[in-house]
Each structure stands twice: as C-alpha cells, then as structure tokens.
Amino acid sequence: MSERPISQIPPIEGSCSAREVFALKALGDSMEPEFKHDTVLIIDPEAVVKSGAYVIGKVEGEFIFRQFMIHNDKFYLQPLNELYETIEISGLDMLEGVVVQAGNRRKDMKKYTYA
C-alpha cells in the first residue's frame, strides 16, 4: 500500500499551451483495480468535469489522481482502493484535468467518456 504523490511538476519550456492534453503516470495503488501502478494517463485540462470522472487534482501543492464525486453539493476526490481516504475539496478550481484515456500499450488504451 505505497503511494507516491506526483510531486510538483516543473513547467516545461516549449510551444505547448498549458491547456493542451498531456500525459502522466499513475503512481501507487490508490486507484486500483482500474488503474495499476505506472499506467499512462492522458489528461485533458479542457474537458468538462462531471461526478464520477477520473481527474488530476491539486491538494496542498501536490498533484493527486482520484475519482471526482459530488455528494450533497460538496466536492470530493475519492480513491478506488478503500485503503485510502476520500478528500473533500473546496471547488472545481482544484482540478487540473480529466482522464480521457489510460493504458500502457496502444492496443490496451481505454477511452473514458463521462455522459
């Protein structure tokens, strides 16, 4: 049950916009069984966030991968692994983007849509 948070990611110099799709790796086991350690995540910072979506959030200066949930008009970042705690967040501004694809090989890539 080891989880290593995604440390602060330094900005990358270049021509990419901060709002373009980007990739990260899932670290740890907090999102198992759906996402194994080292799964490549494709994140869309412009995607519409809905309850149930897998997201990258920023909590206390650290990036965190969780499932976004709304319950009783409150916002939560919930792990899939019950050994980890659900975190209440103050608003959507704490979200960096929505996971739209995940996998480690092209043939294994899974797309995520949130109707």
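Where a number appears in this text, it was derived from the coordinates with a stated rule and is not lab data. Only a predicted model underlies this, so the values are computations on that prediction, with no experimental measurement involved. Here Cβ is always computed from backbone atoms with ideal geometry, including for glycine, and neighbour counts include all displayed protein chains.
What do you reckon, is G28 over 19 Å from K111 (Cα atoms), touching a Leu at 6+ places or on another chain (Cβ under 8 Å) and not aliphatic (A, V, I, L, M)? Break it down stepwise before answering.
On the way: over 19 Å from K111 (Cα atoms): yes; touching a Leu at 6+ places or on another chain (Cβ under 8 Å): no; not aliphatic (A, V, I, L, M): yes.
It is false that G28 is over 19 Å from K111 (Cα atoms), touching a Leu at 6+ places or on another chain (Cβ under 8 Å) and not aliphatic (A, V, I, L, M).
Within segment 26-79, restricting attention to residues that are of a type in the set (S, T, Y) and assigned to a loop (DSSP other than H, G, I, E, B), which residue is surrounded by the fewest Cβ atoms within 10 Å (Cβ to Cβ)?
As a first pass, look at segment 26-79 and keep what is of a type in the set (S, T, Y): 30, 39, 51, 54, 76.
Now drop any that are not assigned to a loop (DSSP other than H, G, I, E, B), which leaves 30, 39, 51.
Numbers: S30: 24, T39: 20, S51: 12.
Residue satisfying both the conditions and the ranking: S51.
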Where a residue in segment 94-115 is in contact (Cβ under 8 Å) with a residue 60 or more places away in the chain and its partner, wherever it lies, is of a type in the set (D, E, K, R) and surrounded by 15 or more Cβ atoms within 10 Å (Cβ to Cβ), with Cβ under 7 Å and at least six apart: G97/D44; V100/D44
